[in-house]
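These notes concern the structure reproduced below.
The values are calculated or read from the model by the stated rules, or taken from the named source; none is laboratory data. As the structure is a prediction and not an experimental result, all values here were calculated from the model. All Cβ positions, even for glycine, are placed from backbone atoms using ideal geometry, and neighbour counts span all protein chains on display. In case anyone asks, the SASA skips ligands and DNA or RNA and just uses the protein heavy atoms, side chains included. Shrake-Rupley method; radii C 1.70, N 1.55, O 1.52, S 1.80 Å.
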Amino acid sequence: MLLKRLEISGFKSFAKTSTLEFPVAISAIVGPNGSGKSNVADSIRWVLGEQSMKSLRGKKGEDLIFGGGGSGTPSSPQVSRMGKASVSLVFDNLHKIFPYEFDEVIISRRVYRDGANEYLLNNSQARLKDVVELLSKVGLGASQHHIIGQGDADRILYASSLERKSMIEEALGLKIFELKKHEAERKLSQTEENIKNIESLRRELKPHLKYLEDQAKKSQNVTRLKDELLALTAEYIAQQTKTLDVESKRIDDAMLPLKNNVKELETEVFKSENSFNKDTGAESFFGELRKLDTAHGILQGRRRDLERQLGRMEAEARQGVKSPEGLSSQKVKSIIEDTIADLEFANRARTISEVREVILALIESLRESLNELSEAAEPSVIKNNDVELTKIRTAIVEIETEEKKILDSKRQIEEEYQTKSKISQQANALYRLKTDELATVRDKLRMLEYQKESLESRKNEFKIDFGEWISRIETNTSCEMFLSQLEHDTARKKIERLRIRIEEAGGVDENVLSEFEETQKRDEFLERELKDLEHAKTQVSEMFEELEKRIEKDFNDGLSKINILFGKFFQEIFGGGKAEIKLVKPEKNPAQNQDDIDGVTSFDEVDFVPEEQEPGIDIIVDIPRKRIKSLAMLSGGERALTSIALLFAMATANPPPFLVLDETDAALDEVNSSRYGSMLQALSKKTQLIVITHNRATMKVASVLYGVTMGGDGISKLLSIKFEDAEGVLAKK
């Protein structure tokens with residue numbers, strides 16, 4: 001069984017949630033008139049997408065929602081109206097009849113009092129189109145031929161030929177192909193319209209594209225020159241960058257050892273300068289010499305005085321008489337000689353202090369000489385003083401010894417000074433040498449610094465001239481540097497000449513070029529789109545033709561099968577006779593020939609009929625023992641039986657998932673009711689039946705019986721029984 005259950009909540013008289021299970025082939029729904037049993041058929045019709053409120057026996061969506069009931073008495077309590085109505089059909093999908101992975105497929109529909117409708121597939125929001133397409137896959141279509149309501153059992157008989165054809169197509173499961181065909185037709189029409197639009201766009205685009213192409217050709221030369229300039233500039237930038245980098249590295253590499261050498265030489269010069277400037281003891285040396293010379297001069301003066309005194313005393317001793325006049329004359333002479341000697345020594349002095357010392361010694365000596373002259377002027381007696389002579393001689397020897405020591409010290413000091421002076425001269429020579437070397441290295445370093453400054457100037461000039469190019473050109477880092485200034489100048493001149501040629505050629509309107517490229521791309525895109533659309537048109541046309549052929553073939557095969565079954569069921573119901581359906585084309589109005597058209601004065605006078613219309617289905621019946629050929633001549637019962645025969649034939653030829661029959665047996669007598677029940681049993685082997693009936697013969701063939709009752713509150717209630725369970729209970733009794 002495909003249909004498992006029906007869930008109704010708030011729909012019409014079913015205020016409370018009611019569930020009808022359909023586990024058997026034939027399920028019957030019975031109940032008195034006005035109990036709401038036909039609302040079950042309406043709920044099924046509604047949840048499957050019925051849009052006609054007339055078919056649902058209402059005027060607006062709000063009419064489908066339970067509106068409340070009851071009088072408020074204990075026997076009829078007041079029940080409030082509901083805000084929405086909801087119906088769900090639950091299908092068994094274990095065999096994946098529906099293209100879903102779920103084991104159950106639940107189709108639900110809700111309506112609210114504001115008129116809003118909702119469709120749900122397995123509790124997920126869906127569109128009516130999704131529901132219709134899904135149902136079409138299993139033969140449940142919009143015509144709802146599988147739901148035969150009360151009073152419209154013969155609906156197919158009164159339908160137009162085209163409506164009958166649509167019902168049969170749906171019964172044969174061709175509706176899905178018809179939908180695909182209409183979709184293909186729509187796509188084909190849309191594709192053709194798109195092709196026309198694109199062709200129109202290309203026609204409009206062509207003159208503008210031609211103009212832009214001419215403008216682009218005019219600028220090709222400038223573009224070529226710019227490309228050449230770009231290539232030359234890129235090569236020049238790469239080579240110049242490499243050249244500057246190499247030169248910069250060469251200068252840096254050359255400057256580094258020179259800087260280190262400068263530091264080393266500055267250290268050596270500093271050391272040699274300190275050694276040269278170190279005190280060689282010259283001032284101390286000359287001071288010592290002056291002291292020694294002074295001391296030596298004093299000793300010499302004393303020695304001379306003693307020698308003079310010794311000479312006088314020896315002379316006196318030889319003469320035996322002291323001569324004051326002669327002594328004075330000799331004394332004066334000796335004083336003058338000593339004074340001259342001291343003055344000559346002072347003349348040789350190097351400093352004022354030495355001269356002052358000599359003058360002081362000379363003054364002291366002169367004073368002593370004056371004292372001696374004063375003593376010599378007095379009369380005296382020559383005395384024999386050997387002891388005094390001995391003392392003087394001893395004093396002279398001591399003075400000579402002291403003089404010798406002074407001369408030795410002086411000689412030693414002079415030797416030390418000469419040694420130190422020699423060392424100082426050597427340090428001075430080293431200082432001059434290192435100073436010269438430092439100056440040479442500094443000159444080289446200054447030359448390199450000048451070269452570096454010149455290089456930086458070239459770099460700045462390079463950035464100023466080619467800064468914009470450098471930022472947007474990807475240079476080749478593996479290029480070679482310029483080998484000479486001539487090579488550099490030649491490359492630079494080429495660039496300058498190209499720039500001049502571009503300026504002379506005039507500026508290129510980049511917007512025109514850009515517009516040409518965009519327009520050309522758009523035209524190429526439209527061309528591709530046109531090819532794709534033409535290809536799609538071919539595919540859709542082929543699919544449309546295939547669908548037409550399949551629909552035509554399946555329809556003809558199905559129509560033939562239905563025709564045979566229709567005749568068989570008709571004969572079984574009527575005990576003979578003949579019934580058939582056939583495909584017919586509408587005929588032209590015979591009055592509308594060329595002469596009639598030529599004779600009219602206005603097109604309004606002519607009822608035009610298209611030369612080709614879609615064919616429809618005509619029904620022909622021949623009831624036994626009656627001369628009835630037209631459907632209009634059938635009685636109500638005969639129409640019902642004919643409809644049943646045709647519906648059963650359609651259901652047998654291509655069984656729908658289920659078939660709802662709402663009191664289609666109401667007009668049957670007892671004999672036909674029995675036949676109807678037998679037909680139901682035969683049909684139940686191919687499709688699931690839900691029968692709403694009053695007929696006992698029909699009830700007998702049902703395995704599950706649902707009873708619908710209604711109390712004073714206006715709410716439909718369900719009672720159910722399975723005949724198999726009931727038979728088991730009766731058998732036990």
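If the reach is capped at under 17 angstrom between alpha carbons, list the lysines near K84, excluding any in the same chain fewer than eight residues apart.
Cα-Cα hits under 17 Å: K12, K16, K59, K60.
Would you mind checking the pairs K196/K585; K129/K531; K175/K196; K180/K549; K180/K537; K568/K686 and listing those with alpha carbons more than 24 angstrom apart?
K196/K585; K129/K531; K175/K196
To make sure I understand the rule: partners must be lysines, Cα under 17 Å from the Cα of K226, and not fewer than 8 residues away in the same chain. Which ones qualify?
K217, K218, K493, K494
Under 29 Å Cα to Cα from K410, which lysines show up? Leave out anything in the same chain fewer than 8 places away.
Hits, sequence-local ones excluded: K278, K291, K391, K420, K422.
Enter the accessible area of K217 (Å², nearest 10), with the probe set to 1.4 Å and all protein chains included.
110 Å²
Could you tell me which GluC sites (Glu not before Pro) in the range 178-213 are loop residues by DSSP with no more than 15 other beta carbons within 10 angstrom of their beta carbon? Let's see the in-between values first.
Working: sites: E178, E183, E185, E192, E193, E199, E204, E213; in loops: none.
Loop-located and lightly packed - none at all.
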